[in-house]
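Below is one structure; the comments refer to it alone.
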Amino acid sequence: MKYYLEAHFNLSGYIPEESKDELQKIFNEFVTKTNETRLEGNFEIQKWESKENKLFLKIDSEDSLSPHVAILRLRKQLSNQFGKKYRLGVRGFNFDKYTIENKIEDFPTSEFTLPLTKKLDFKEQNGKKWVKIEIDPEIEEDFIEKGAIERIVRRVGEKISKQLYGSKKEHHEIVWYSGKKELHTDENPTQLMQKANWIQRTNYRNQWILSPTLTTLAEALKQIMVDQIYKPLGFDQMMIPKLVDWSVWMRSEHAEGIYQGGFEPYFVVQPKEPTPEYFEEIADYITITKTIPSEKLAEKVTAPIGGLSYAQCPPFWVWLQGKTLAKESLPIKIYDWSGPTYRYESGSAYGFERVDELHRIETLFIGSPEQTKKIGGEVREKLRLIFDEVLDLEVREARVMPWWLQQSHKEEEMDAEEELVVGTIDFEAYMPYRGKREDSEWLEMQNVSVIGHKYPKGFSVKAEENIELWSGCCGGSFERFLTAFIAQKGIDQSKWPESFLKYIDKLPEPIKFH
């Protein structure tokens, strides 16, 4: 990797002439020490000069210390060694020109840009492919200190890889199958439930109203989960917030995958001034025209402060953030279904199984690696029992690309992980109306993920006696459970398995319309 940087320090005054030899000595020692600590590469301060209250430097580096890192270290050194002696304060620095040249495997298929960069050039030299990144000289010190330049370089490679090979690796390995089950319909389950008046689409995209009939089935599923999983395994119920601010999604790394195929949030805005006077014009307009002045309304609200809950797991961690868990409290086992979650599904999704507003069950567990792996395995076995024996569904388990690696664009990490030691298992249901088992798409309806230390590290959670903390989570929605069930068993209650019917006291009669 080759670097070239022109930058200057902003000082509180002029550099005295008598101090320049000492300044040269500081730079010489810095260069010597840098090169001595590196087995390969070369680092050089090509030139330096002072003009008024600015100190200009030109730095060359090849396969050695990054010049921007050198600037950060020199800033501290100049403040300590030089500034105190000559009463000169270092008030910051600015880039004048910064280019980074890095080898790449291949050229991108189409041009792209990146934040905080001025230009990207791709070239071939001596049979090798290179990218030349010109950093925006207006980049803020804060971004440099927090590793933005390193992430720019890495992001170039990620975007090229995404163009050439797709946004994620295909990884889908079937590891268990329930066997064939007795099927009672091959009709579309959404259409079956609509004809029976069990569900009704609203005027909003991908949102449904569940009738008393279908709500009864959802409540039965809840009781099954309690009886089969949560009571036997000692889980407690919680109520987790459904409005999530950006700080949570930054720590969970969801934000890094925003609308990249892994994380599609609904945004939340706030009124700039929550007063009757501020919105009087809007109210008058609506009263007179009976329409919503969307553009005028947009001017009166803030930029998004976050969004509606995409999954309950990330906001849960705010409860533990920055704390040290007592040994006797481990493992922690909780579940939440206290409200809907939201995902802006792409395209014109039609079916009841693909909704923007879904009623999702989140199962969370935290403990030592051994505890977490054990609980993940136990939950997996219990879910297998529910789908296979209680609901009598034809299902399979698939080992897939973990969602958290997709969303944060770190697919390469999966290769280093072991089986379900850290990873994701999806439960998928056969959907007869979609065609033959071997050729058709099965419905993903539940996952079990052992995530490792991602969340404890991201939210700075520790445990007593320095116990290493891992976490796991499992998510599934009533919409998908019910869609899978109706797709295989139909809506004729007489054909449903007794193991499910015992959880239903009486199925309400559907509301009829004339």
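Contact map, the range 352-370: residues that are crowded, with 23+ Cβ neighbours inside 10 Å and at pLDDT 95 or above paired with residues that are part of a loop (DSSP other than H, G, I, E, B) and of a type in the set (A, V, I, L, M), Cβ distance under 6 Å, separation 6+ or inter-chain. Pairs shown: 367/330. Within the range 228-237, restricting attention to residues that are out of contact with any Leu (no Cβ under 9 Å at 6 or more places or on another chain) and touching a residue at least 12 places away in the same chain (Cβ under 8 Å), which residue is farthest from residue 374 (Cα to Cα)? By that ranking, first place goes to 237. Of all residues in the range 68-88, none that is outside the structural domain of residue 140 (by TED's automatic domain parsing) has its Cβ atom under 9 Å from the Cβ atom of a residue that is part of a helix (DSSP H, G or I), 6 or more apart or on another chain. More than 21 Å from residue 190 (Cβ to Cβ) and not assigned by TED's automatic domain parsing to the domain that holds residue 195, is that true of residue 506? So residue 506 fits the description; yes.
Filtering 45, 26, 15 for residues that are closer than 25 Å to residue 88 by Cβ and modelled with pLDDT of 95 or more leaves a single hit, 45. Filtering the range 324-371 to residues that are among the aliphatic types (A, V, I, L, M), farther than 17 Å from residue 229 by Cβ and outside any loop (DSSP other than H, G, I, E, B) leaves 325, 358.
If the condition is being surrounded by fewer than 16 Cβ atoms within 10 Å (Cβ to Cβ) and in a strand (DSSP E or B), then the range 119-133 contributes 119, 121, 122, 123, 124, 125, 128, 129, 132.
The residues in the range 257-292 that are over 17 Å from the mean Cα position of the chain (by Cα), closer than 29 Å to residue 355 by Cα and surrounded by 14 or more Cβ atoms within 10 Å (Cβ to Cβ) can be counted, and the count is 2. Once the range 239-256 is narrowed to residues that are of a type in the set (A, V, I, L, M), touching a residue at least 60 places away in the same chain (Cβ under 8 Å) and crowded, with 16+ Cβ neighbours inside 10 Å, the residue that is nearest to residue 333 (Cα to Cα) is 240. Candidates 107, 93: the one that is outside any loop (DSSP other than H, G, I, E, B) and over 27 Å from the mean Cα position of the chain (by Cα) is 93.
If the condition is being charged (D, E, K, R), closer than 24 Å to residue 397 by Cβ and outside any loop (DSSP other than H, G, I, E, B), then the range 177-225 contributes only 222.
The values are calculated or read from the model by the stated rules, or taken from the named source; none is laboratory data. In this text the structure is predicted, and so the values were computed from the model without any measurement. No Cβ is skipped: glycine too gets one built from the backbone with ideal geometry, and neighbour counts run over all protein chains shown.
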